[in-house]
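We did not get these values from a lab; they are worked out from the coordinates using the rules stated. Only a predicted model underlies this, so the values are computations on that prediction, with no experimental measurement involved. As a convention, Cβ positions derive from the backbone with ideal geometry for all residues, glycine included, and neighbour counts pool all protein chains shown.
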Amino acid sequence: MALTRRNLLKSTGAAGAALLTVPGALKGFDQFFRPASSLSATATKVTTCCGICSPACGMQATVQDGVIQFLEGLPGDAHGEGHLCGKGAAGAGFLYDPDRLKYPMKRTNPNKGFDEDPGWVRISWTEALDTIAGKMKGYIDAYGAESLLFITLPGPDLLVRLINAMGIVNRTDHIDVCFQTDRIIQKYTTGGKTWCNDFENAKYILLFGWDMVSKAKIVYANGVVKARSNGAKVVHFSPTYTATSRMSSEWQNIKPGTDLAVALAMINVIVSENLYNKEFVDAYSNFGQYEAQIRSHFAEYTPAWAETESGVAAADIARIAREFAQSGGGIVPAHKKTLCANYMNSTQLVHAVSILNILAGTVDRAGGRYFPRTVAIPGVDAVYPPPAYPAKKGARVDGRDKLPFVQETDSGLFSTLADGMLTKYPGQIKMAFWNAYTILAFPNPPKMEQAMKSVEFVVAMDFLPTDTVSMADIVLPSAMYLELNDVVARDYQAKYPQAMPRVAVSAPIFETKSAGYVAIELGKRLCPDYFKLADGSWINPNVLLDEKVKRAGLGENFAEFKAKGIVEKPAPFVPRTTFATGDPNGKCQVYVPQFAAKGAEALPKWHPKREQPSADFPLYYLTFIPGIHRRNTSENNRILHEIMPTNAAILNPALAKTMNIKEGQTVVIRSRVGQIELPAHLSEIIRPDAVMVAHGFGHRSRYLSVAGGNGSRDGDVVPDASIDDFIAAGNYGGASCIMDVVCNIAPVA
Amino acid sequence: METYGWLLDQKRCVECRACESACKQWNHVEIGVGVRYRQVRVYEMGVFPKVSMQALSGSCHHCEGAYCIKVCPVKAISRRPEDGTVQIDQSKCVGCQQCYAFCPYAAPQFNQRTHKMEKCTMCVDRIDAGLQPACATLCPTGALQWGKWSDISEVGSATTGNFANPKQTAPHIRFINDPYPGK
């Protein structure tokens, strides 16, 4: 018998046993990290999905007496493929974090700062909500709705309804430091969200800074592993050797921020040598219509030129371009922070990447980037149509309204928010409502702290006492994903529609509530017409969820859906033949006339990154998100903390030698905006002209007993931006430049 | 007696540490006392830009010739009769760390609170319930597998880079060292 994972499972009878016996088990909130009594036969398994990141891998929770004992993957699920990553497996470490926010609180010390004791006083939910509603009304009456800022994802839908009902123009989120550029480019080049990657059927995978293997996004990592197992070639362009490089056939150590040059040169080779997939390109793209412009545009971007910019040999660029185009199944993924957001030229890079996929002829084809086939889940506005929303008035403090293509996405700009609040529109924002974001998420966090201090009244809703919470006037304790019911449509590995219930595996601990609850309660106080149904009753979130499930065809109600566990609607994959890009003939757009019409680039031009090494700052500064942590939210999780407790300044031994820096010695990293101190870690994985720091550490909150004061904030040396900087640089996709930094380092005496 | 072992295909390891998290979760391994039953160790090799890395997920390998059993002065370490897994009896352990000193794989761990040694049990409670150990259950890419030693012992290689000579203790782990197919 061949020794495969499946056979091992079979041979050991491992699948299926539902009732477990464990010697040591946690008893509850205070007992979680201590060995306790045994797990009895009353343990049950609940099917749900992970809430750490957006693929929402299928998950099974073993629960006894309301306490989660174990989290594991859901067999047969197309996303996690029956497994979880290290973060997902540590989910109980979030739920049972002893530092969790437990009750609403108000500040009694008016002085704000990490060195100030806020003087928290426990208050009731009623007092908290009355206070917030009163403040919102007061500021809107006195200064207009543009004086309110909501820092939250566009979810839950109930919160968005409140924001719309109050005519609040300033809602912003982190999408600019993630995938915003890709979203804009895909809208106009392929006509939608092609972030599904059919790696397992790909023949050739080109990765420009894409590092999802190292980030342990297992839905992607598994795809790359399968691709390699199937014999596909994988080429990784990255200034550091990462787990993704290790998983690749070839690693090219590229000069930071020059991937665009290589991508442009590859288009040059593929177009000038007519190596593109003629059948697809002629039938499904506007290449033919703009052929003269396209050929002429890319003519100057030769491999020899790209070598001078990127340090990648011209011969390698030409070879890889030819191999990619002739492989018959080339794919260049883009989705997520790495590549989409890092440099001032990331919008152009993502456009070039999209063109490479079109030239390979794999858009929505086997082995390519495809559109998710999803279950449509109606939002609250579809279930309960609201009265007309008032027009939103006033300036966007993040300047989004100055970037027309970003404005269309309804996402925000973290990188320009502080500058807008302090410089361009000082004093406009009187009140800020933070939902599940921390200051660490921003480039140049000290400037964001300053911006926060300029706001009169701050509300922070979170599950942990984050840095943002430290600066708040009212704190609302949030339920987390293991305490909430929801319906999740899958869109990462979605060749056919799939939906999963997210189940409240644990009852909410202490007085935690959902953001949807807060929205309804504030709605009752501020804009009742939007939260009242025709019969005069208030919107009930449980009834709303039942209605969503029913209308999406997932079951009669949530309880029935929950009992099913996962609903899949298998259907043959029918490749798209028309693409909603705005092209009158429904084709993919290599040349994007809509960009040109609004002053942007119809075809991507070369732009150098924003910051170049100089005498004062001779080194590139790189950041990364470790695979065992989730952005800046998991560092206080005891399990994950023990695996990776802090960060370091990672530098090449050759560089360290020139500066007489030894392993473990404290160094200071300085850029034009700030400095941080960290112990040096010498490593051969990084170029000698760069320094690298892990993101997510350096929380200041004194209430985070594990993460607080641990490590340094990578963002303190990352310059933020003004919206005018972006406009001047042609950054029409609003790429946030979170790695577009140069620095120097010195040993600390 | 049916015995069990590990099979590690390092090229599939994406360093996600699901094995570590799962182990801590299932076994309620105490936090903050310096104990990690399983650990993914990443080794760098070469000099930039000719650099490569190796990720080795390791735990107790429940060796046939386990030094820990031989060197324990109070006979706290023994084999479970049902499957030969190597277990530490917490009631007997005096925390002298001899087992740690002799183990080629640094498997026994000193609990800084209890001042006793702990290590991977191979999740024998899960084995008894018809399940795989937590680490292999969670591993998303199939890099870490577990099964009957009779199925594994002839598969792949007995050793790999950065792994102590298996002739010392006959560990129950094998390695698939083959690279991916193609270029």
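Quick notes on this structure:
- The gain in end-to-end length when the residue A:673 to residue A:289 segment is fully stretched comes to 133.6 nm, 0.36 nm per residue minus the alpha carbon separation.
- All other residues whose Cβ lies under 13 angstrom from that of residue A:308 are scored, Lys and Arg at +1 and Asp and Glu at -1, for a net of -2.
- Between amide H atoms placed 1.01 Å from N, distances below 5 Å from residue A:610 occur with A:344, A:345, all of them 5 or more places distant or on a separate chain.
- Pairs beyond 21 Å (Cα-Cα), from A:203/B:50; A:424/A:447; B:24/B:116: A:203/B:50
- Taking a straight line from the alpha carbon of residue A:662, these aspartates and glutamates sit under 18 Å away, with near neighbours fewer than eight places off in the same chain left out: A:677, A:684, A:689, B:44.
- Taking 32 Å as the limit for the C-alpha separation, the pairs A:393/A:550; A:336/B:11; A:226/A:550; A:226/A:255; B:119/B:148; A:137/A:336 exceed it in the case of A:393/A:550; A:226/A:550; A:137/A:336.
- FRET efficiency for residue A:126 and residue A:535, using Cβ-Cβ distance with R0 set to 30 Å, rounded to 0.05: 0.75
- Adding -39500 (n - 2.57) for every DSSP H run of four residues or longer, then dividing by how many residues chain A holds, sets the calculated 222 nm ellipticity at -8000 deg cm²/dmol.
- Order of A:455, A:543, B:29, A:213 - criterion: other Cβ atoms within 10 Å of each residue's Cβ, fewest first: A:543, A:455, B:29, A:213
- 11 Å reach of a label modelled at residue A:665, 7 Å along Cα-to-Cβ, counting backbone N of segment A:678-707: A:680
- A simple spin-label model places the labels of residue A:45 and residue A:551 3.4 nm from each other, with each point 7 Å out along Cα-to-Cβ.
- Taking the charge dipole of segment A:126-267 about its Cα centre, with +1 at Lys and Arg Cβ atoms and -1 at Asp and Glu Cβ atoms, the residue from A:216, A:166, A:140 reaching farthest to the positive side is A:216.
- The modelled label-to-label distance for the pair residue B:1/residue A:142, using points 7 Å beyond Cα in the direction of Cβ, is 7.8 nm.
- Estimated at 0.36 nm per residue, the fully extended path between residue A:511 and residue A:304 surpasses their Cα-Cα distance by 68.2 nm.
- Between helix B:18-27 and chain B: long-axis angle, C-alpha atoms, 0 to 90°, nearest 10: 20
- Leading residue at positive end of dipole, chain A (Cβ point charges), from A:93, A:109, A:629: A:93
- Beta bridges per DSSP, both residues in the protein assembly as shown: antiparallel share near 60 percent.
- Per-residue average of Cβ from other chains inside 10 Å of A:439-445: 0
- The dipole here belongs to chain A: it is taken about the Cα centre, uses +1 on the Cβ of Lys and Arg and -1 on the Cβ of Asp and Glu, and is about 980 debye.
- If the segment from residue A:728 to residue A:250 were pulled out straight at 0.36 nm per residue, it would be longer than the present Cα-Cα gap by 168.4 nm.
- Counting Cβ atoms of other protein chains within 10 Å of each Cβ in A:78-86 and taking the mean gives 5.
- Within segment A:603-719: Cβ-based charge dipole about Cα centre, in debye rounded to nearest 20 (Lys, Arg +1; Asp, Glu -1): 320
- Model label sites at residue A:316 and residue B:106, defined 7 Å from Cα along the beta-carbon direction, differ in position by 3.3 nm.
- Taking Lys and Arg as +1 and Asp and Glu as -1, the other residues whose beta-carbon sits under 11 Å from that of residue A:57 total 0.
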